[in-house]
Amino acid sequence: MSVRSRSEALFAEALKHIPGGVNSPVRGFRAVGGTPFFAASASGARVTDVDGNTYIDYVGTWGPAILGHAALPIIRAIQSTAERGTSFGIPHAQEVTMAQRVKSLVPSVEKVRFCNSGTEATMSAIRLARGFTGRDLIVKFDGCYHGHSDGLLVKAGSGALTLGYPDSAGVPAEVARQTLVLPFNDLEALRRVFEQHDGQLAAVILELVPANAGLYLPKPGYLELLRQLTRDHGSVLIADEVMTGFRLGPAGAQGVFGLTPDLSCFGKIIGGGLPVGAFGGRADIMDQLAPLGPVYQAGTLSGNPLAMAAGLAALDALQSSDAWNRLEAVGSELEQGMVAVAKATQIPMQFQRIGSMFCGYFTEDPVWNLADAMRSDRTRFARFFHGMLDRGVYLAPSQFEAGFISTAHTSAEIEATIRAAEAVLKTL
Ligand code: KE4
(Lines give C-alpha, C1' and ligand atoms only; values in the text may rest on other atoms or scores of the structure.)
Protein backbone atom coordinates (compact mmCIF):
# COMPACT_ATOMS: atom_id res chain seq x y z
CA MET A 1 0.00 0.00 0.00
CA SER A 2 1.60 3.27 -1.11
CA VAL A 3 1.98 6.00 1.52
CA ARG A 4 0.22 9.13 0.26
CA SER A 5 0.16 11.33 3.35
CA ARG A 6 1.40 14.46 1.56
CA SER A 7 -1.26 14.03 -1.13
CA GLU A 8 -3.87 13.66 1.59
CA ALA A 9 -2.70 16.84 3.33
CA LEU A 10 -2.67 18.72 0.02
CA PHE A 11 -6.14 17.46 -0.84
CA ALA A 12 -7.47 18.57 2.57
CA GLU A 13 -6.05 22.03 1.86
CA ALA A 14 -7.36 22.03 -1.71
CA LEU A 15 -10.86 21.27 -0.47
CA LYS A 16 -10.84 24.56 1.43
CA HIS A 17 -10.17 26.63 -1.69
CA ILE A 18 -11.30 24.70 -4.78
CA PRO A 19 -14.73 23.07 -5.18
CA GLY A 20 -14.23 19.35 -4.62
CA GLY A 21 -10.50 20.04 -4.34
CA VAL A 22 -10.06 19.69 -8.09
CA ASN A 23 -10.19 21.84 -11.20
CA SER A 24 -11.88 19.10 -13.17
CA PRO A 25 -14.31 16.65 -11.53
CA VAL A 26 -13.01 13.36 -12.90
CA ARG A 27 -9.64 13.95 -11.18
CA GLY A 28 -11.29 13.71 -7.78
CA PHE A 29 -11.46 9.89 -7.53
CA ARG A 30 -15.17 10.20 -6.66
CA ALA A 31 -16.00 7.18 -8.82
CA VAL A 32 -13.36 4.93 -7.30
CA GLY A 33 -13.21 6.31 -3.79
CA GLY A 34 -10.18 7.39 -1.82
CA THR A 35 -8.03 10.50 -2.10
CA PRO A 36 -6.47 11.57 -5.38
CA PHE A 37 -2.71 11.65 -5.41
CA PHE A 38 -1.01 14.94 -6.26
CA ALA A 39 1.49 14.87 -9.10
CA ALA A 40 4.96 16.20 -8.39
CA SER A 41 6.52 15.41 -11.76
CA ALA A 42 6.16 13.19 -14.80
CA SER A 43 8.58 11.79 -17.32
CA GLY A 44 8.08 9.33 -20.14
CA ALA A 45 5.50 6.69 -19.24
CA ARG A 46 5.58 7.54 -15.52
CA VAL A 47 4.18 10.09 -13.11
CA THR A 48 5.55 10.63 -9.59
CA ASP A 49 3.38 11.90 -6.72
CA VAL A 50 4.32 14.28 -3.91
CA ASP A 51 5.03 11.31 -1.63
CA GLY A 52 7.59 9.94 -4.07
CA ASN A 53 5.43 7.10 -5.40
CA THR A 54 5.88 6.46 -9.11
CA TYR A 55 3.19 5.03 -11.36
CA ILE A 56 3.06 3.76 -14.92
CA ASP A 57 0.62 6.30 -16.34
CA TYR A 58 -2.23 5.20 -18.63
CA VAL A 59 -4.11 8.50 -18.37
CA GLY A 60 -1.46 10.64 -20.06
CA THR A 61 -3.20 13.84 -18.95
CA TRP A 62 -6.35 12.47 -20.69
CA GLY A 63 -4.72 12.12 -24.08
CA PRO A 64 -2.22 14.92 -24.84
CA ALA A 65 0.87 13.01 -23.61
CA ILE A 66 1.08 10.73 -26.65
CA LEU A 67 4.90 11.05 -26.59
CA GLY A 68 4.98 10.43 -22.84
CA HIS A 69 5.55 13.17 -20.30
CA ALA A 70 8.20 15.90 -20.57
CA ALA A 71 9.10 14.86 -24.11
CA LEU A 72 12.27 16.78 -24.94
CA PRO A 73 11.17 18.11 -28.36
CA ILE A 74 8.09 19.65 -26.74
CA ILE A 75 10.00 21.08 -23.78
CA ARG A 76 12.58 22.64 -26.08
CA ALA A 77 9.90 24.08 -28.37
CA ILE A 78 8.13 25.72 -25.43
CA GLN A 79 11.40 27.08 -23.96
CA SER A 80 12.65 28.61 -27.20
CA THR A 81 9.22 30.05 -28.09
CA ALA A 82 8.65 31.52 -24.62
CA GLU A 83 11.89 33.52 -24.87
CA ARG A 84 10.26 35.48 -27.72
CA GLY A 85 7.04 36.11 -25.80
CA THR A 86 4.24 33.93 -24.44
CA SER A 87 1.28 35.50 -26.18
CA PHE A 88 0.76 38.17 -28.80
CA GLY A 89 -2.94 38.45 -29.56
CA ILE A 90 -1.55 39.27 -32.99
CA PRO A 91 -1.33 36.89 -35.98
CA HIS A 92 1.95 34.95 -35.99
CA ALA A 93 3.59 32.44 -38.32
CA GLN A 94 3.23 29.34 -36.09
CA GLU A 95 -0.55 29.38 -36.26
CA VAL A 96 -0.35 29.39 -40.07
CA THR A 97 2.14 26.51 -39.95
CA MET A 98 -0.13 24.55 -37.61
CA ALA A 99 -3.16 25.19 -39.83
CA GLN A 100 -1.21 23.94 -42.85
CA ARG A 101 -0.10 20.87 -40.85
CA VAL A 102 -3.63 19.97 -39.70
CA LYS A 103 -4.88 20.31 -43.30
CA SER A 104 -2.03 18.15 -44.61
CA LEU A 105 -2.87 15.38 -42.13
CA VAL A 106 -6.68 15.50 -42.21
CA PRO A 107 -8.00 15.70 -45.82
CA SER A 108 -11.53 16.71 -44.72
CA VAL A 109 -10.17 19.94 -43.25
CA GLU A 110 -10.11 22.77 -45.81
CA LYS A 111 -10.02 25.55 -43.19
CA VAL A 112 -9.38 25.41 -39.45
CA ARG A 113 -9.59 27.73 -36.47
CA PHE A 114 -7.75 27.28 -33.19
CA CYS A 115 -9.15 27.90 -29.73
CA ASN A 116 -8.27 26.92 -26.18
CA SER A 117 -10.09 23.70 -25.32
CA GLY A 118 -12.09 20.86 -26.75
CA THR A 119 -15.18 22.39 -25.17
CA GLU A 120 -14.65 25.60 -27.13
CA ALA A 121 -14.06 23.61 -30.31
CA THR A 122 -17.28 21.61 -30.14
CA MET A 123 -19.35 24.55 -28.86
CA SER A 124 -18.12 26.65 -31.77
CA ALA A 125 -18.66 23.87 -34.32
CA ILE A 126 -22.28 23.50 -33.18
CA ARG A 127 -22.87 27.27 -33.41
CA LEU A 128 -21.29 27.28 -36.85
CA ALA A 129 -23.48 24.38 -38.03
CA ARG A 130 -26.59 26.20 -36.78
CA GLY A 131 -25.50 29.42 -38.47
CA PHE A 132 -24.74 27.62 -41.72
CA THR A 133 -28.01 25.64 -41.88
CA GLY A 134 -30.32 28.12 -40.18
CA ARG A 135 -31.61 25.21 -38.10
CA ASP A 136 -31.62 24.77 -34.31
CA LEU A 137 -31.88 21.08 -33.42
CA ILE A 138 -28.73 18.99 -32.91
CA VAL A 139 -28.26 15.27 -32.33
CA LYS A 140 -25.73 13.69 -29.99
CA PHE A 141 -25.40 10.19 -28.53
CA ASP A 142 -25.84 9.13 -24.96
CA GLY A 143 -22.56 8.60 -23.15
CA CYS A 144 -20.64 10.75 -25.61
CA TYR A 145 -18.93 13.74 -24.02
CA HIS A 146 -18.08 16.82 -26.03
CA GLY A 147 -17.04 19.19 -23.25
CA HIS A 148 -19.27 21.22 -20.97
CA SER A 149 -21.12 23.75 -23.14
CA ASP A 150 -24.80 23.93 -22.22
CA GLY A 151 -26.33 22.22 -25.22
CA LEU A 152 -23.90 19.31 -25.07
CA LEU A 153 -24.29 18.55 -21.37
CA VAL A 154 -27.26 16.37 -22.14
CA LYS A 155 -26.85 12.66 -21.40
CA ALA A 156 -23.11 13.37 -21.47
CA GLY A 157 -20.31 10.98 -20.64
CA SER A 158 -16.92 11.30 -18.90
CA GLY A 159 -17.10 13.15 -15.60
CA ALA A 160 -20.81 13.92 -16.00
CA LEU A 161 -21.59 10.21 -16.28
CA THR A 162 -18.99 9.24 -13.70
CA LEU A 163 -20.55 11.52 -11.11
CA GLY A 164 -24.05 10.45 -12.06
CA TYR A 165 -25.53 13.65 -13.48
CA PRO A 166 -25.18 13.50 -17.27
CA ASP A 167 -27.79 16.26 -17.48
CA SER A 168 -26.15 19.16 -15.64
CA ALA A 169 -28.04 21.57 -13.41
CA GLY A 170 -27.97 25.10 -14.78
CA VAL A 171 -28.76 24.14 -18.36
CA PRO A 172 -32.05 25.86 -19.30
CA ALA A 173 -34.74 23.39 -20.34
CA GLU A 174 -35.25 25.20 -23.62
CA VAL A 175 -31.57 24.73 -24.42
CA ALA A 176 -31.64 21.04 -23.54
CA ARG A 177 -34.73 20.59 -25.70
CA GLN A 178 -32.67 21.59 -28.75
CA THR A 179 -30.45 18.56 -28.23
CA LEU A 180 -31.83 15.18 -29.26
CA VAL A 181 -30.00 12.21 -27.77
CA LEU A 182 -29.84 8.80 -29.42
CA PRO A 183 -28.37 5.49 -28.32
CA PHE A 184 -25.11 4.83 -30.19
CA ASN A 185 -24.95 2.02 -32.76
CA ASP A 186 -28.75 1.98 -33.17
CA LEU A 187 -29.41 2.17 -36.90
CA GLU A 188 -33.20 2.35 -36.53
CA ALA A 189 -32.99 5.25 -34.08
CA LEU A 190 -30.84 7.10 -36.61
CA ARG A 191 -33.29 6.59 -39.45
CA ARG A 192 -36.22 7.58 -37.21
CA VAL A 193 -34.73 10.88 -36.00
CA PHE A 194 -34.22 12.05 -39.58
CA GLU A 195 -37.71 10.95 -40.59
CA GLN A 196 -39.28 12.75 -37.62
CA HIS A 197 -37.18 15.91 -37.95
CA ASP A 198 -36.59 16.15 -41.68
CA GLY A 199 -35.14 19.56 -42.54
CA GLN A 200 -34.81 20.54 -38.86
CA LEU A 201 -31.49 19.00 -37.81
CA ALA A 202 -28.57 21.44 -37.93
CA ALA A 203 -25.95 18.87 -37.01
CA VAL A 204 -25.08 15.49 -35.66
CA ILE A 205 -22.04 15.43 -33.38
CA LEU A 206 -20.33 12.25 -32.27
CA GLU A 207 -17.14 10.65 -31.13
CA LEU A 208 -16.49 8.17 -33.94
CA VAL A 209 -15.08 5.96 -31.18
CA PRO A 210 -17.04 6.82 -28.01
CA ALA A 211 -14.38 6.98 -25.30
CA ASN A 212 -16.19 8.85 -22.55
CA ALA A 213 -18.22 5.91 -21.32
CA GLY A 214 -15.19 3.67 -21.39
CA LEU A 215 -14.47 2.75 -24.99
CA TYR A 216 -16.61 1.11 -27.63
CA LEU A 217 -16.56 0.97 -31.42
CA PRO A 218 -19.04 1.79 -34.19
CA LYS A 219 -20.71 -1.30 -35.63
CA PRO A 220 -20.03 -2.05 -39.31
CA GLY A 221 -22.13 0.23 -41.53
CA TYR A 222 -23.12 2.60 -38.75
CA LEU A 223 -20.90 5.54 -39.68
CA GLU A 224 -21.69 5.05 -43.35
CA LEU A 225 -25.43 5.29 -42.65
CA LEU A 226 -24.89 8.38 -40.52
CA ARG A 227 -22.89 10.04 -43.29
CA GLN A 228 -25.57 9.18 -45.87
CA LEU A 229 -28.46 10.46 -43.73
CA THR A 230 -26.72 13.73 -42.81
CA ARG A 231 -25.83 14.32 -46.45
CA ASP A 232 -29.36 13.50 -47.70
CA HIS A 233 -30.95 15.81 -45.12
CA GLY A 234 -28.49 18.71 -45.31
CA SER A 235 -27.32 18.29 -41.72
CA VAL A 236 -23.69 19.01 -40.76
CA LEU A 237 -21.79 15.92 -39.62
CA ILE A 238 -19.36 16.89 -36.85
CA ALA A 239 -16.68 14.39 -35.83
CA ASP A 240 -15.44 15.11 -32.32
CA GLU A 241 -11.81 13.98 -32.55
CA VAL A 242 -10.59 15.84 -29.51
CA MET A 243 -9.26 12.53 -28.14
CA THR A 244 -8.86 10.41 -31.28
CA GLY A 245 -7.38 13.12 -33.51
CA PHE A 246 -3.71 12.48 -34.37
CA ARG A 247 -3.80 9.57 -31.89
CA LEU A 248 -5.43 6.78 -33.91
CA GLY A 249 -3.37 7.79 -36.92
CA PRO A 250 -2.38 10.91 -38.85
CA ALA A 251 -6.03 11.51 -39.81
CA GLY A 252 -7.46 10.26 -36.53
CA ALA A 253 -10.55 8.08 -36.35
CA GLN A 254 -11.93 9.49 -39.62
CA GLY A 255 -8.79 8.18 -41.33
CA VAL A 256 -9.23 4.76 -39.72
CA PHE A 257 -12.89 4.48 -40.74
CA GLY A 258 -12.64 6.28 -44.08
CA LEU A 259 -15.26 8.84 -43.09
CA THR A 260 -15.39 12.41 -44.45
CA PRO A 261 -17.21 14.60 -41.91
CA ASP A 262 -18.22 18.17 -42.69
CA LEU A 263 -16.53 19.54 -39.57
CA SER A 264 -14.08 18.01 -37.10
CA CYS A 265 -13.04 19.08 -33.61
CA PHE A 266 -9.57 18.58 -32.20
CA GLY A 267 -7.61 19.32 -29.03
CA LYS A 268 -5.18 17.67 -26.62
CA ILE A 269 -2.31 16.30 -28.81
CA ILE A 270 -2.06 19.42 -30.99
CA GLY A 271 -1.26 21.48 -27.91
CA GLY A 272 1.51 19.20 -26.68
CA GLY A 273 -0.01 19.40 -23.20
CA LEU A 274 -0.82 23.12 -23.34
CA PRO A 275 -4.38 24.46 -23.57
CA VAL A 276 -5.66 24.05 -27.12
CA GLY A 277 -8.67 23.25 -29.25
CA ALA A 278 -9.40 23.41 -32.96
CA PHE A 279 -12.32 22.97 -35.31
CA GLY A 280 -12.18 22.76 -39.07
CA GLY A 281 -13.64 21.25 -42.21
CA ARG A 282 -15.49 22.38 -45.31
CA ALA A 283 -14.46 25.90 -46.37
CA ASP A 284 -18.03 26.87 -47.30
CA ILE A 285 -19.03 26.22 -43.69
CA MET A 286 -15.89 27.57 -41.99
CA ASP A 287 -16.09 30.81 -43.98
CA GLN A 288 -19.33 31.62 -42.17
CA LEU A 289 -17.13 32.48 -39.18
CA ALA A 290 -16.39 36.07 -38.17
CA PRO A 291 -14.74 38.19 -39.38
CA LEU A 292 -15.74 36.73 -42.79
CA GLY A 293 -19.24 35.62 -41.97
CA PRO A 294 -22.05 36.10 -39.44
CA VAL A 295 -21.14 33.37 -36.92
CA TYR A 296 -19.16 34.91 -34.09
CA GLN A 297 -16.34 33.05 -32.34
CA ALA A 298 -13.23 34.43 -30.63
CA GLY A 299 -10.54 33.84 -28.01
CA THR A 300 -7.84 35.91 -26.35
CA LEU A 301 -5.34 33.07 -26.36
CA SER A 302 -6.53 31.26 -29.48
CA GLY A 303 -3.55 30.13 -31.57
CA ASN A 304 -1.26 30.82 -28.62
CA PRO A 305 2.37 30.62 -29.76
CA LEU A 306 3.40 28.25 -26.95
CA ALA A 307 0.57 25.81 -27.68
CA MET A 308 1.22 25.98 -31.41
CA ALA A 309 4.96 25.35 -30.94
CA ALA A 310 4.34 22.49 -28.50
CA GLY A 311 1.71 20.95 -30.76
CA LEU A 312 3.91 21.20 -33.84
CA ALA A 313 6.77 19.57 -31.93
CA ALA A 314 4.44 16.72 -30.99
CA LEU A 315 3.25 16.25 -34.57
CA ASP A 316 6.83 16.47 -35.89
CA ALA A 317 7.84 13.67 -33.52
CA LEU A 318 4.85 11.53 -34.47
CA GLN A 319 5.34 12.02 -38.20
CA SER A 320 9.10 11.49 -38.20
CA SER A 321 8.90 8.09 -36.50
CA ASP A 322 6.99 4.87 -36.70
CA ALA A 323 4.93 6.10 -33.76
CA TRP A 324 1.43 5.06 -34.83
CA ASN A 325 2.52 1.54 -35.76
CA ARG A 326 4.41 1.25 -32.47
CA LEU A 327 1.39 2.46 -30.53
CA GLU A 328 -0.69 -0.24 -32.24
CA ALA A 329 1.90 -2.92 -31.44
CA VAL A 330 2.20 -1.95 -27.77
CA GLY A 331 -1.57 -1.63 -27.51
CA SER A 332 -1.96 -5.12 -28.92
CA GLU A 333 0.59 -6.46 -26.42
CA LEU A 334 -1.37 -4.92 -23.55
CA GLU A 335 -4.65 -6.28 -24.90
CA GLN A 336 -3.32 -9.81 -25.32
CA GLY A 337 -1.86 -9.77 -21.82
CA MET A 338 -5.00 -8.42 -20.17
CA VAL A 339 -7.28 -10.85 -21.97
CA ALA A 340 -5.01 -13.74 -20.96
CA VAL A 341 -4.88 -12.86 -17.25
CA ALA A 342 -8.62 -12.17 -17.10
CA LYS A 343 -9.21 -15.60 -18.61
CA ALA A 344 -6.69 -17.28 -16.29
CA THR A 345 -8.32 -15.74 -13.22
CA GLN A 346 -11.83 -16.34 -14.61
CA ILE A 347 -12.82 -12.71 -14.03
CA PRO A 348 -15.39 -11.56 -16.63
CA MET A 349 -13.66 -8.64 -18.35
CA GLN A 350 -14.23 -7.10 -21.78
CA PHE A 351 -10.96 -5.46 -22.77
CA GLN A 352 -11.83 -3.14 -25.66
CA ARG A 353 -9.19 -1.30 -27.65
CA ILE A 354 -8.45 0.66 -30.77
CA GLY A 355 -4.83 1.63 -31.33
CA SER A 356 -3.46 3.21 -28.16
CA MET A 357 -6.87 3.73 -26.52
CA PHE A 358 -8.47 1.06 -24.37
CA CYS A 359 -10.95 0.24 -21.61
CA GLY A 360 -11.47 -2.84 -19.45
CA TYR A 361 -15.13 -3.37 -18.50
CA PHE A 362 -16.00 -5.87 -15.79
CA THR A 363 -18.89 -7.49 -17.60
CA GLU A 364 -19.62 -10.74 -19.41
CA ASP A 365 -20.61 -9.32 -22.79
CA PRO A 366 -19.06 -6.97 -25.36
CA VAL A 367 -19.94 -3.28 -24.90
CA TRP A 368 -21.47 -1.53 -27.94
CA ASN A 369 -23.29 1.39 -26.29
CA LEU A 370 -23.92 3.16 -23.00
CA ALA A 371 -26.55 0.69 -21.82
CA ASP A 372 -24.03 -2.14 -22.17
CA ALA A 373 -21.40 -0.07 -20.36
CA MET A 374 -23.79 0.63 -17.49
CA ARG A 375 -24.11 -3.11 -16.90
CA SER A 376 -20.42 -3.33 -15.97
CA ASP A 377 -19.48 -3.91 -12.34
CA ARG A 378 -18.20 -0.53 -11.19
CA THR A 379 -17.56 -1.73 -7.63
CA ARG A 380 -15.19 -4.33 -9.02
CA PHE A 381 -13.63 -1.67 -11.24
CA ALA A 382 -12.96 0.57 -8.21
CA ARG A 383 -11.23 -2.30 -6.40
CA PHE A 384 -9.22 -3.10 -9.51
CA PHE A 385 -8.24 0.56 -9.89
CA HIS A 386 -6.90 0.80 -6.33
CA GLY A 387 -5.20 -2.56 -6.51
CA MET A 388 -3.37 -1.43 -9.63
CA LEU A 389 -2.55 1.94 -8.12
CA ASP A 390 -1.02 0.26 -5.08
CA ARG A 391 1.11 -1.79 -7.47
CA GLY A 392 2.35 1.29 -9.31
CA VAL A 393 -0.08 1.43 -12.25
CA TYR A 394 -2.33 4.49 -12.69
CA LEU A 395 -5.46 3.82 -14.72
CA ALA A 396 -8.21 6.35 -15.39
CA PRO A 397 -10.09 6.77 -12.07
CA SER A 398 -13.44 5.91 -13.61
CA GLN A 399 -14.98 3.01 -15.51
CA PHE A 400 -16.32 5.62 -17.92
CA GLU A 401 -12.97 6.80 -19.24
CA ALA A 402 -10.49 5.40 -21.73
CA GLY A 403 -6.86 4.55 -21.11
CA PHE A 404 -4.05 5.96 -23.23
CA ILE A 405 -0.72 4.45 -24.22
CA SER A 406 2.19 6.68 -25.22
CA THR A 407 5.27 6.08 -27.36
CA ALA A 408 7.17 6.05 -24.05
CA HIS A 409 5.40 2.84 -23.00
CA THR A 410 7.63 -0.15 -23.85
CA SER A 411 7.26 -3.89 -23.32
CA ALA A 412 8.79 -3.39 -19.88
CA GLU A 413 5.85 -1.21 -18.80
CA ILE A 414 3.34 -3.53 -20.45
CA GLU A 415 4.79 -6.62 -18.77
CA ALA A 416 4.81 -4.88 -15.36
CA THR A 417 1.19 -3.84 -15.95
CA ILE A 418 0.10 -7.37 -16.85
CA ARG A 419 1.84 -8.80 -13.78
CA ALA A 420 0.12 -6.25 -11.57
CA ALA A 421 -3.24 -6.99 -13.20
CA GLU A 422 -2.83 -10.72 -12.65
CA ALA A 423 -2.10 -10.15 -8.96
CA VAL A 424 -5.04 -7.78 -8.52
CA LEU A 425 -7.56 -9.83 -10.48
CA LYS A 426 -6.88 -12.73 -8.12
CA THR A 427 -8.07 -10.57 -5.23
CA LEU A 428 -11.33 -9.47 -6.87
P1 KE4 B 1 -11.73 19.92 -22.94
O2 KE4 B 1 -12.70 21.09 -22.89
O3 KE4 B 1 -11.69 19.15 -21.62
O4 KE4 B 1 -10.36 20.34 -23.46
O5 KE4 B 1 -12.28 18.90 -24.05
C6 KE4 B 1 -13.59 18.44 -23.95
C7 KE4 B 1 -13.73 17.15 -24.72
C8 KE4 B 1 -14.35 17.19 -25.96
N9 KE4 B 1 -14.52 16.06 -26.70
C10 KE4 B 1 -14.07 14.87 -26.25
C11 KE4 B 1 -14.27 13.65 -27.08
C12 KE4 B 1 -13.42 14.78 -24.98
O13 KE4 B 1 -12.99 13.58 -24.54
C14 KE4 B 1 -13.24 15.94 -24.21
C15 KE4 B 1 -12.57 15.92 -22.87
N16 KE4 B 1 -12.03 14.67 -22.45
C17 KE4 B 1 -12.06 14.45 -21.01
C18 KE4 B 1 -11.58 13.01 -20.75
N19 KE4 B 1 -12.55 12.06 -21.15
C20 KE4 B 1 -11.27 15.47 -20.28
C21 KE4 B 1 -10.95 15.12 -18.85
C22 KE4 B 1 -11.58 16.12 -17.89
O23 KE4 B 1 -12.75 16.52 -18.10
O24 KE4 B 1 -10.88 16.48 -16.91
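The values are calculated or read from the model by the stated rules, or taken from the named source; none is laboratory data. Just so we're clear, the structure is a prediction, and the values are computed from it rather than from any experiment. Glycine also receives a Cβ, built like all others from the backbone with ideal geometry; neighbour counts cover every protein chain displayed. Note: accessible area is taken over every heavy atom of the protein model, side chains too, but ligands, DNA and RNA are not part of it. Shrake-Rupley method; radii C 1.70, N 1.55, O 1.52, S 1.80 Å.
Projection of the Cα convex hull of the range 271-428, averaged over all directions and equal to a quarter of that hull's surface, yields 12.5 nm². Each label point was placed 7 Å from the Cα along the Cα-to-Cβ direction; for Thr86 and Gln228 their separation is 5.3 nm. A helix-only calculation puts the chain at -11500 deg cm²/dmol for mean residue ellipticity at 222 nm, using -39500 (n - 2.57) for each DSSP H run of at least four residues, averaged over all residues.
As a size descriptor, the averaged projected area of the C-alpha convex hull of the range 90-319 was calculated at 11.8 nm².
Across the range 357-377, the residues whose backbone nitrogen lies under 17 Å from the label position 7 Å along the beta-carbon direction of Leu187 are 368-369.
Just checking the listed ones, Leu259, Leu206, Leu334: in the Gaussian network model of the chain with Cα springs under 10 Å, the one fluctuating most is Leu259. Segment Asp136..Asn325, full-extension length gain: 63.9 nm, with 0.36 nm per residue of separation and the alpha-carbon distance subtracted. When the chymotrypsin sites (Phe, Trp or Tyr not before Pro) in the range 24-110 are filtered for DSSP coil states and for at most 14 other beta-carbon atoms within 10 Å of their beta-carbon, the remaining sites are Phe88. In the full protein context, the range 90-319 carries 36 Å² of accessible surface per residue, based on a 1.4 Å probe and ignoring ligands, DNA and RNA.
The radius of gyration of the Cα set in the chain, together with its Dmax, comes out at 21.0, 61 angstrom.
The chymotrypsin sites (Phe, Trp or Tyr not before Pro) of the range 173-239 include none that meets both conditions, a loop assignment by DSSP and at most 14 other Cβ atoms within 10 Å of the site Cβ. Relative protection proxy for 351-362, 100-111, 289-300, from highest mean packing down: 351-362, 100-111, 289-300 (other beta-carbon atoms within 10 angstrom). Accessible surface for the range 363-428, divided over its residues, is 39 Å² per residue with a 1.4 Å probe. Across the accessible surface of the range 90-319, with the other protein chains kept in place and a 1.4 Å probe, carbon and sulfur atoms take up 54 percent. Extension gain, Ile18-Arg177: 0.36 nm per intervening residue step, less the Cα-Cα distance, totals 54.1 nm. Per the Kirkwood formula applied to alpha carbons, the range 322-366 shows a radius of gyration over Rh ratio, Rg over Rh, of 1.04.
A probe of 1.4 angstrom, applied to the heavy atoms of all protein chains, finds Arg231 with accessible area near 140 square angstrom.
Expressed as a fraction of 2.2 N^0.38 Å, the value expected for a compact globular protein of N residues, the C-alpha radius of gyration of the range 320-410 is 1.10. Can you return the lysines within cross-link range of Lys268? Criterion is Cα-Cα under 29 Å, with same-chain partners fewer than 8 residues away left out. Here the lysines satisfying the reach criterion relative to Lys268 are Lys103, Lys111, Lys140, Lys155, Lys219.
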